[in-house]
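First comes the structure, then the notes that go with it.
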Amino acid sequence: MIKKVTTASAVRLKLALSLLVALNWSCTKDNDDPMPLPNGAGVLVINQGNFMDNNGTITYLPPDGSTPTYDIFNQINKRSLTGSLQDYTESDGKGLILVDNTTAGQDKVEIIDANTFQSLATLKSPEIENPRSAIRVSANKVYISCWDISGNASTGTFFKDPGYIAVVDLTTNTVTRKIPAIKGVETLLLVGNEVFAGSAGDATQLTVIDAINDQLKTGIEIGPNPNPVAVDANGKLWVYSSGEMVRINAQTKAIENRLKIGTDLARSASRFRISADKQYFYFVNSYYDAADNYKEKGEVYRFAITDTSVPTTTPFIKRLFSGMAVEPNSGVIYGGITPSFKQAGYVYRYQATGTLIDSVKAEIAPTVFYFK
């Protein structure tokens, strides 16, 4: 899957529309001998790392079944990212890596050449504080949600109110504006010319932003900590909020339905992803096992956009994923496995039917996947 590089000139990661379906992976590959990266499609695995160790990395998985290349940013730029990695996106030939550091004032966004992974610029504090999610909204313009400077969790003031969305101009590699947003602003989703922004900070409204003029619009009252998930095959927007999946008419902003996820209050649903045909949602339903030192455990479940309830009795995949993604053309499901935050994790691939294809060794806490 990924190959190691020894020089930047040996690397040409060309943009591709999708990952080839018929990958000839062998199960659990962990050979990391250096070799040049191939031209063509691939998958970037964003390994969050252990937050206190500031050791997030990016793994590259090529589509031809060869071995992974680990920590590619460090290999090409001869320096580590020094932080926990939160997200990655690409826009107009550039990549943006969101880095959250344990030390105040050290958060940043690394802007790289998406074809070579060479660093082009770094957005630093005070422009970027606690970056969470990034999306391309138009040519050379990216939104990045930021919590802003963290407060004191013990006094209930951890999330600054408001947070903000940094508007990044990739022609100049600068932050041109900060759009005030709800506290704990989190997931961003572009629908037409509007961006829907969620919250991790006890807000109850889904923020709506005019992506053309970078202006706030009237929010939508949803419930605790609403976060947009995806638009389904019928053009409906789905939002997760405190144990419910909420279906919204993206044009009128009217709530059309609420589906409660299970009845076990000890379990928590997360990591929602939509299938390639946009007919199904996958999600992780997890809990902390008191009998096993409160280790997180759980499985993956699935429900259809036409279902009237969300089944949580029979797992779709009997594994706990720290990250999950669906390849948008093949429908192959990628799941990140984190044995602990002190050792390498793994990436497992499944057919859309839930059948295991293979697995490969990644780095610490594989959490986000980007398909080139």
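The values are calculated or read from the model by the stated rules, or taken from the named source; none is laboratory data. Predicted model, so just to flag it, every value in this text is computed and none were measured. All Cβ positions, even for glycine, are placed from backbone atoms using ideal geometry, and neighbour counts span all protein chains on display. For accessibility, only protein heavy atoms count, side chains too; no ligands or nucleic acids. Shrake-Rupley method; radii C 1.70, N 1.55, O 1.52, S 1.80 Å.
Give me a count of the residues in the stretch 315-354 that are of a type outside the set (A, V, I, L, M), part of a strand (DSSP E or B) and in contact with a Phe, Trp or Tyr (Cβ under 7 Å, 6 or more places away or on another chain). So the count comes out to 5. All of (1) at pLDDT 95 or above; (2) open to solvent by 10 Å² or more (accessible area, probe 1.4 Å); (3) touching a strand residue (DSSP E or B) at 6+ places or on another chain (Cβ under 8 Å); (4) more than 21 Å from PHE73 (Cβ to Cβ) hold for SER138 with one exception: (3). Selection over the stretch 141-164 of residues that are open to solvent by 40 Å² or more (accessible area, probe 1.4 Å) and among the hydrophobic types (A, V, I, L, M, F, W, C) gives a count of 4. All of (1) part of a loop (DSSP other than H, G, I, E, B); (2) among the small types (Gly, Ala, Ser); (3) open to solvent by less than 10 Å² (accessible area, probe 1.4 Å) hold for SER286 with one exception: (1).
Do you know which residues across the stretch 289-300 are of a type in the set (Asp, Glu) and surrounded by 11 or more Cβ atoms within 10 Å (Cβ to Cβ)?
Hits for the stretch 289-300 are ASP289, GLU296, GLU299.
Please pick out the residue among VAL326, VAL368 that is of a type in the set (Val, Ile, Thr) and in contact (Cβ under 8 Å) with a residue 60 or more places away in the chain. Of the residues listed, the single one that is of a type in the set (Val, Ile, Thr) and in contact (Cβ under 8 Å) with a residue 60 or more places away in the chain is VAL368. Here is a check on your reading of the model: is SER91 of a type in the set (Ser, Thr, Tyr) and touching a Phe, Trp or Tyr at 6+ places or on another chain (Cβ under 9 Å)? Taking the combined requirement at face value, the residue does not satisfy it. Just the residues that are open to solvent by 50 Å² or more (accessible area, probe 1.4 Å) and within 15 Å of ASP358 (Cα to Cα), please, taken from the stretch 319-341. Hit for the stretch 319-341 is ARG319, nothing else. Residues in the stretch 108-128 that are within 15 Å of SER80 (Cβ to Cβ) and open to solvent by less than 20 Å² (accessible area, probe 1.4 Å) were compared, and the one that is nearest to the chain's Cα centre (by Cα) is GLU110.
GLY192 meets the conditions (1) farther than 30 Å from GLN279 by Cβ; (2) open to solvent by 30 Å² or more (accessible area, probe 1.4 Å) in every case but one. The failed one is (1). Exactly one residue out of LEU265, LEU237, LEU259 is over 21 Å from the mean Cα position of the chain (by Cα), more than 19 Å from GLN351 (Cα to Cα) and open to solvent by less than 50 Å² (accessible area, probe 1.4 Å), and it is LEU259.
The set of residues in the stretch 103-116 that are at pLDDT below 95 and either within 24 Å of GLY345 (Cα to Cα) or in contact with a Phe, Trp or Tyr (Cβ under 9 Å, 6 or more places away or on another chain) (or both) is empty. Can you tell me which residues in the stretch 165-188 are farther than 16 Å from PRO228 by Cβ and either open to solvent by 10 Å² or more (accessible area, probe 1.4 Å) or not in a strand (DSSP E or B) (or both)? Residues satisfying the conditions are ASP169, LEU170, THR171, THR172, ASN173, THR174, VAL175, THR176, ARG177, LYS178, PRO180, LYS183.
Just checking, which of ALA197, ALA203 is in a strand (DSSP E or B) and either within 21 Å of the chain's Cα centre (by Cα) or surrounded by 19 or more Cβ atoms within 10 Å (Cβ to Cβ) (or both)?
Answer to the selection: ALA197.
Restricting attention to the stretch 94-107, which residues are open to solvent by 30 Å² or more (accessible area, probe 1.4 Å) and either in a strand (DSSP E or B) or touching a residue at least 60 places away in the same chain (Cβ under 8 Å) (or both)? Hit for the stretch 94-107 is LYS94, nothing else. When ASP307, ASP264 are checked against the criterion of being part of a loop (DSSP other than H, G, I, E, B), closer than 18 Å to LYS236 by Cβ and not small (Gly, Ala, Ser), ASP307 stands alone in meeting it. Of the residues GLU256, GLU299, the single one that is in a strand (DSSP E or B), over 26 Å from PRO63 (Cβ atoms), in contact with a Pro (Cβ under 8 Å, 6 or more places away or on another chain) and free of Cβ contacts under 8 Å to residues at least 60 places away in the same chain is GLU299.
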